[in-house]
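Here is the structure we will look at, set down as C-alpha cells.
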Amino acid sequence: MTRLANTLKQYSAYSACFLALHKGADSQMVYVDIDPDIVLNEGGQAAELDLDQNGTIDFWFHNNSFTFYSESFSSYRLMQNILVGPEIAVNAIAGETGLYGTAYGGVYTRYYPFALEGGAIINADLNFYNYNLQVMGLRTIVTYAGTNTWACADCNWYGFFAESSINKFLGVKFQTLDESLNFGWIRCDVQDEGRTLIIKDYAYETTPEYPIIAGDTVHYVEVIDAISSEPVYVYSFNETLYVNLQESAKAKVTIASISGQNILKYETTDVNSTVDLTNVANGMYMVTVEYKNRLYTTKIAIH
C-alpha cells in the first residue's frame with residue numbers, strides 16, 4: 001500500500017499561509033487549500049487528513065483495487081472502489097445507507113457519503129454515519145464476461161449512471177482538541193469512472209456544532225433559530241441568498257441596506273428558496289423573514 005500521510009502533513013503545513021479566518025459572533029471559519037492536490041489514482045494508495053492539525057488523524061481515504069474469486073459466480077472479478085472513513089469513532093460523514101442481499105441469503109448495509117453541491121448547508125439536520133468503509137465509487141468487473149461491468153447503483157459520487165463528480169463536497173463533523181464536535185467540508189473529485197480520487201481543500205467551523213456552507217471560505221453562517229420548532233435558515237453564498245424553512249408555509253422575505261432602504265421583497269412557500277444577488281452592490285444587508293406570524297432578522301455580506 002502506498003501511504004501518502006506524511007506527504008499530506010507537509011501539504012497542510014504549507015497551506016497554512018492560505019488560512020482564511022472570518023469572525024462572526026464568537027465563531028471562526030478555518031480554510032486550508034491543499035496545494036498541490038492529493039491524487040489517489042492507483043489501487044493501494046491512501047491518504048489521511050488531520051483537519052485541525054492537532055496530531056490526530058480525523059479522516060482517511062483509500063483507493064482500493066484488487067482481484068478476487070467469486071465462488072457464487074465461479075469467476076475471477078476485479079473490484080475497484082474509493083472509500084472514505086473516520087479515523088476515530090466520534091467523527092462522522094453526512095450520507096445515507098442502502099441494504100443489499102448476498103448470494104447466500106444474508107443482508108448487509110452499505111454507506112454512501114453525500115456528494116454535496118456548493119452552497120449546501122452542513123448542520124445537524126443531515127444524517128451522519130461513523131462507519132469506517134463508506135463508498136464514494138464502486139465497480140466490479142467480471143473477467144470471463146469481457147466488458148461486463150457492475151457498478152454501485154446508489155452511489156452519491158460515482159455510481160451506476162454517474163459521470164465524473166467534480167468539485168463536490170463531503171459534509172463532516174469531527175472532534176477537535178478540546179473534544180468538541182465541529183462541522184466542516186472536504187472538496188473532492190471522483191473521476192475516471194470511479195478510479196481516481198482528488199482531494200482539493202477543506203474548511204471547518206471552530207464553534208462546536210455550528211453550521212458551515214459547503215464551499216464557502218469566507219463567510220460566517222448566520223443561522224436564525226430563535227424557535228427550535230420553527231427554524232429559519234438564512235445565508236448568502238456566491239452572490240446568492242438562501243432562505244430555508246423547516247416546512248412549507250408563507251414567508252415574506254425583505255432585503256434591505258443597513259441604512260434601511262428596501263432592495264428586494266418577495267413571498268414564497270417553498271421550503272428552500274434562492275435569490276440571485278449578482279446585481280446587488282457589495283456590502284452588508286439585513287434580511288427579514290416573516291414566517292408563521294414571527295419575524296426573523298439577520299445580516300448577510302455580499303462580496
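D178 fulfils the conditions (1) in contact with an Asp or Glu (Cβ under 6 Å, 6 or more places away or on another chain); (2) of a type outside the set (V, I, T); (3) at pLDDT below 80 except for a single criterion, (1). What residue, among those in region 93-146 that are closer than 20 Å to T196 by Cβ and surrounded by fewer than 18 Cβ atoms within 10 Å (Cβ to Cβ), is modelled with the lowest pLDDT? Filtering region 93-146 for residues that are closer than 20 Å to T196 by Cβ and surrounded by fewer than 18 Cβ atoms within 10 Å (Cβ to Cβ), the one modelled with the lowest pLDDT comes out as I141. Within region 50-77, the residues that satisfy the criterion of being in a strand (DSSP E or B) and at pLDDT below 90 are N64, S65, F66, T67, F68, Y69, S70, S75, Y76, R77.
Yes/no matrix, rows are residues, columns are (1) surrounded by 11 or more Cβ atoms within 10 Å (Cβ to Cβ); (2) aliphatic (A, V, I, L, M):
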residue	(1), (2)
V243	yes, yes
I255	yes, yes
G260	no, no
Y266	yes, no
M284	no, yes
T297	yes, no
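Taking each residue of region 275-287 that is within 14 Å of T298 (Cβ to Cβ) and looking for partners that are loosely packed, with under 11 Cβ neighbours inside 10 Å with beta-carbon atoms closer than 9 Å, six or more apart or interchain, yields M284/I258; Y285/I258; M286/I258; M286/G260.
The values are calculated or read from the model by the stated rules, or taken from the named source; none is laboratory data. Please read these numbers as outputs of a predicted model, since none were measured by experiment. Please note: Cβ atoms are built from the backbone with ideal geometry, for glycine as well, and neighbour counts cover all protein chains shown.
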